[in-house]
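Here is the structure we will look at.
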């Protein structure tokens with residue numbers, strides 16, 4: 001007999017600890033929802049989960065089965081998605097592109113200038 005079997009037969013708390021917790025991918029496949037939607041349901045408190053290290057989600061099978069029995073909650077769409085395509089102009093998109101990528105653009109210009117100086121002078 002192995003140690004876990006001996007310890008679990010002595011202490012019922014260890015039996016609970018020995019049960020396997022399901023990960024995010026397993027539960028999303030089991031429920032038929034995306035991993036992102038499952039995270040949203042956990043954040044809303046619709047589905048019980050355990051956070052390991054503050055970020056990793058784990059689920060107990062019996063709690064997931066209870067959610068399935070009472071019905072999988074539906075996610076409401078945010079109001080922004082219901083408004084259709086945004087009225088974001090090309091100029092605003094270009095300004096955002098420059099704002100978020102200015103470091104890379106300036107770095108590329110400096111590298112090209114240095115290469116020109118090295119190879120042509």
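Some points to look at:
- Gain in span if fully extended, residue 43 to residue 75, counting 0.36 nm per residue against the direct Cα distance: 10.4 nm
- Projected onto their three principal axes, the Cα atoms of the stretch 21-75 cover extents of 29, 22, 18 Å, largest first.
- Extension gain (nm, one decimal) between residue 68 and residue 51, 0.36 nm per residue minus Cα-Cα: 4.1 nm
- Each label point was placed 7 Å from the Cα along the Cα-to-Cβ direction; for residue 90 and residue 115 their separation is 2.8 nm.
No lab work stands behind these numbers, since they all come straight from the coordinates. Everything numeric here is computed off the predicted structure, so don't read it as measured data. Please note: Cβ atoms are built from the backbone with ideal geometry, for glycine as well, and neighbour counts cover all protein chains shown.
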